[in-house]
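K.L.:
Before I ask anything, here is the structure I am working with.
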Amino acid sequence: MLIEIEKLSKVYRMGENEVHALREVSLAIDRGASVAIVGPSGSGKSTLMNIIGCLDTPSGGSYRLDGKLVSSMNDDALATVRNRQIGFVFQTFNLLPRQSALENVALPLLYAGVSRRERREMALEALRKVDLVERAGHKPAELSGGQRQRVAIARALVNRPSILLADEPTGNLDQKVGREIIALFRRLNEQENVTLILVTHDREIAQSARRQIEIIDGAIVSDRGN
Ligand SMILES: Nc1ncnc2c1ncn2[C@@H]1O[C@H](COP(=O)(O)OP(=O)(O)OP(=O)(O)O)[C@@H](O)[C@H]1O
Ligand SMILES: [Mg+2]
């Protein structure tokens, strides 16, 4: 099992108040799975994604990734796991405006200490996987919305992660382009064997994943297709 989560909770303390963003969530996800997480605004979807992606730590419960107990790791150890195993795609693309597509995609490799030449080769390879090699020299402003998201997906893939996490990846795209991005995720999941977990408000997109998990008020209320 790639992801094993048991009785995971997350409590945000806001002065006198406590927000229970996750309430004893238990969940197991196989390597190579494709999972859609759905649920109303504020239900805890992004909180769960951030913990799975090692961007945040839980308040209670356990999280094992590839057999390693991630939930007890310190920030440095978490950063290492994140760099090696996780690719993140966001609704707002989060590209650096002054850097080319190639430079944006290569950025995670810079932090990982990869040589300049290898960075270029690996970034081109990732751009090839999203069919965007011919735009390698373009800056984000010189790309369409769908192309920007493909650059962001290439950046997420460049470290060859085992998990691709996408939080509302089509939220800023029109329906047609959104469908193309979802088709790309499907292809990456099937051909590159990357485990895909995506958050969406769109029913049709949720159905494109093999498994659908619904979260309401910090708890899983349904888990279908598993
Ligand atoms: N950093 C934070 N500090 C305090 N409360 C937070 C923080 N992040 C999230 N919350 C609260 O935790 C709950 C879950 O938030 P989360 O962002 O996970 O929801 P979501 O399901 O992703 O919603 P949306 O669909 O609107 O993105 C919400 O009530 C939110 O207000
Ligand atoms: Mg969210």
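The values are calculated or read from the model by the stated rules, or taken from the named source; none is laboratory data. This structure is a prediction, so every number in the text was calculated from the model and none was measured. Note that each Cβ is placed from the backbone with ideal geometry, even for glycine, and that neighbours are counted across all protein chains shown.
K.L.:
Mind checking which residues of the range 129-142 are in a helix (DSSP H, G or I) and touching a residue at least 40 places away in the same chain (Cβ under 8 Å)?
P.N.:
LYS129, PRO140, ALA141
K.L.:
Next question, about the same structure. Need the failing condition index for ALA136 against (1) crowded, with 22+ Cβ neighbours inside 10 Å; (2) touching a Ser or Thr at 6+ places or on another chain (Cβ under 7 Å); (3) not aromatic (Phe, Trp, Tyr), just the number.
P.N.:
Of everything listed in (1) crowded, with 22+ Cβ neighbours inside 10 Å; (2) touching a Ser or Thr at 6+ places or on another chain (Cβ under 7 Å); (3) not aromatic (Phe, Trp, Tyr), ALA136 misses just condition (1).
K.L.:
Out of the residues in the range 32-63 that are within 9 Å of ligand 1 (Cβ to nearest atom) and part of a loop (DSSP other than H, G, I, E, B), which is nearest to the chain's Cα centre (by Cα)?
P.N.:
Among those that are within 9 Å of ligand 1 (Cβ to nearest atom) and part of a loop (DSSP other than H, G, I, E, B), it is ASP56.
K.L.:
Would you point out the residue of the range 64-97, among those that are in a helix (DSSP H, G or I) and hydroxyl-bearing (Ser, Thr, Tyr), that is farthest from LEU22 (Cα to Cα)?
P.N.:
The extreme case among them is THR80.
K.L.:
Something else now. What pairs come out if I take residues in the range 117-128 that are over 11 Å from ARG155 (Cα atoms) and pair them with residues that are modelled with pLDDT under 95 and part of a helix (DSSP H, G or I) whose C-beta lies under 8 Å away, six or more apart or interchain?
P.N.:
Note: pairs meeting the criteria are GLU118/LEU109; ARG119/LEU109; ARG119/LEU110.
K.L.:
Would you be able to say whether some residue in the range 7-26 is among the aliphatic types (A, V, I, L, M) and under 28 Å from ALA154 (Cβ atoms)?
P.N.:
No, every residue in the range 7-26 fails to be among the aliphatic types (A, V, I, L, M) and under 28 Å from ALA154 (Cβ atoms).
K.L.:
Still on this structure: Can you go through ARG119, ARG160 and tell me which one is within 25 Å of GLY53 (Cα to Cα), more than 16 Å from ligand 2 (Cβ to nearest atom), under 17 Å from the mean Cα position of the chain (by Cα) and not polar (S, T, N, Q)?
P.N.:
One residue alone meets the criteria, ARG160.
K.L.:
List every residue pair whose Cβ atoms lie under 9 Å apart, where the two residues are 6 or more positions apart in sequence or sit on different chains, the first residue falls within the range 199-226 and is more than 22 Å from GLU6 (Cα to Cα), and the second residue, located anywhere, is among the aromatic types (Phe, Trp, Tyr).
P.N.:
Within 9 Å, the pairs are SER208/PHE185; ALA209/PHE185.
K.L.:
Also, I was wondering about something else. From LEU48, LEU22, which residue is within 13 Å of ligand 2 (Cβ to nearest atom) and over 22 Å from GLN207 (Cα atoms)?
P.N.:
Exactly one residue qualifies, and that residue is LEU22.
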